[in-house]
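To start, the structure itself, in structure tokens.
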Amino acid sequence: MRRLWTVFVVILAASVMAELFITREAHFAVERLFAFNAVYGYIACALLVLVAKAIGLVLKRRDTYYDD
């Protein structure tokens, strides 16, 4: 598991560092910030997890819900 996390961190660092060497067209001013895509992806993922947890709380039923 530790090796998997290491691989993920290396890939993330490589993709962020690649921004130093490529040029891309930004449609909005905020997209010109360094590592914007990585930060945006992290925030979007964190929000999805939080929304999923909130939905789980709303939809959760007791263990004996289907018992007679």
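Taken together, the criteria place Ala26 among residues that are in a loop (DSSP other than H, G, I, E, B) and surrounded by 10 or more Cβ atoms within 10 Å (Cβ to Cβ).
Of all residues in region 55-68, those satisfying the criterion of being surrounded by fewer than 10 Cβ atoms within 10 Å (Cβ to Cβ) and in a helix (DSSP H, G or I) are Gly56, Leu57, Val58, Leu59. Residues in region 10-23 that are in a helix (DSSP H, G or I) and either touching a residue at least 24 places away in the same chain (Cβ under 8 Å) or surrounded by 10 or more Cβ atoms within 10 Å (Cβ to Cβ) (or both): 7 in all.
Only the coordinates and a few stated rules stand behind these numbers; no lab work does. Not measured: the values here are computed from a predicted model. All Cβ positions, even for glycine, are placed from backbone atoms using ideal geometry, and neighbour counts span all protein chains on display.
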